[in-house]
Amino acid sequence: MPSPQYSVLAFDTPHVTFHLWSPWRASALEHKLFEAIRVLPQGTNQDEPDEWRLQISDTKAWKNALQAVVRVLKGWQEDADPHMERRAWRWMLEADSDDSGYDHNGDPVSMWGFLRLSLDRGRPEEPDKGEDIDLNGFGIRIWGEEHGPN
């Protein structure tokens, strides 16, 4: 059987913002994800009561931040009971733009990355009980080339 083929999607961006919305409501995993990148030395933290942000404008720091997120997610996957649960995650990317390069709020266009978790539970003799969970409290804004945060 041939090995699975994976595609790599790379972003060359001048600026990235990691968000943790509503920190008091965010899940423990969302906090872990944000804390893993918050300790990186190249980022600038902006903590407000309703939102925590981390601004990164260095390419190496962006790669390190993604690696930190992946480490947390792989740890989450490994915490599953291999006989009862299968865990997976994937990035959901979204963007919208008008013909002038602005989104529906009038902000310069950017791409957003969100995480979706998948849980498949059950024993081999039972039917699968699958569930998708969107991590709505954690996200990444990938800024366009000409724009960054004000």
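Brief remarks follow.
- Taking the conditions (1) under 18 Å from the mean Cα position of the chain (by Cα); (2) under 21 Å from Phe34 (Cβ atoms) in turn, Asp50 satisfies each one other than (1).
- Index of the failed condition, Asp134 passing every other in (1) more than 19 Å from His31 (Cα to Cα); (2) in contact with a strand residue (DSSP E or B) (Cβ under 6 Å, 6 or more places away or on another chain); (3) open to solvent by 60 Å² or more (accessible area, probe 1.4 Å); (4) not aromatic (Phe, Trp, Tyr): (1)
- Residues (at pLDDT 80 or above and open to solvent by less than 60 Å² (accessible area, probe 1.4 Å)) located in the stretch 98-108: Asp103, Gly106, Pro108
- Condition check for Leu40: in contact with a helix residue (DSSP H, G or I) (Cβ under 8 Å, 6 or more places away or on another chain) and over 16 Å from Trp91 (Cα atoms): yes
- Within the stretch 64-79, the set of residues being in contact (Cβ under 8 Å) with a residue 24 or more places away in the chain, open to solvent by less than 50 Å² (accessible area, probe 1.4 Å) and not β-branched (Val, Ile, Thr) comprises Asn64, Ala65, Ala68, Leu73, Trp76.
- Close pairs from the stretch 6-17: first surrounded by 10 or more Cβ atoms within 10 Å (Cβ to Cβ), partner part of a loop (DSSP other than H, G, I, E, B) and at pLDDT 75 or above, Cβ under 8 Å, at least 6 apart: Thr13/Gly144; Pro14/Ser57; His15/Ser57; Val16/Ser57
- Apart from one condition, Asp58 fits all of (1) surrounded by 16 or more Cβ atoms within 10 Å (Cβ to Cβ); (2) at pLDDT below 90; (3) touching a strand residue (DSSP E or B) at 6+ places or on another chain (Cβ under 7 Å); the exception is (3).
- Within this structure, Ala95 passes the test of being surrounded by fewer than 14 Cβ atoms within 10 Å (Cβ to Cβ), of a type in the set (A, V, I, L, M, F, W, C), modelled with pLDDT of 80 or more and on the phi < 0 side of the Ramachandran plot.
- Failed condition for Phe34, given (1) open to solvent by less than 30 Å² (accessible area, probe 1.4 Å); (2) under 20 Å from Gly144 (Cα atoms); (3) of a type in the set (A, V, I, L, M, F, W, C): (2)
- Identity of the residue in the stretch 94-116, assigned to a strand (DSSP E or B) and touching a residue at least 40 places away in the same chain (Cβ under 8 Å), that ends up nearest to Leu20 (Cα to Cα): Leu115
- Among residues of the stretch 25-39 that are touching a residue at least 60 places away in the same chain (Cβ under 8 Å), those with a Cβ under 9 angstrom from a residue that is part of a loop (DSSP other than H, G, I, E, B), sequence gap 6+ or separate chain, pair up as Glu30/Pro23; Phe34/Pro23; Phe34/Ala26.
The values are calculated or read from the model by the stated rules, or taken from the named source; none is laboratory data. The model shown is predicted, which means the values in this text are computed figures rather than measured ones. A quick note on method: Cβ atoms are made from the backbone with ideal geometry, for glycine too, and the neighbour counts reach across all protein chains shown. All accessible areas refer to the heavy atoms of the entire protein, side chains included, with ligands and DNA or RNA removed. Shrake-Rupley method; radii C 1.70, N 1.55, O 1.52, S 1.80 Å.
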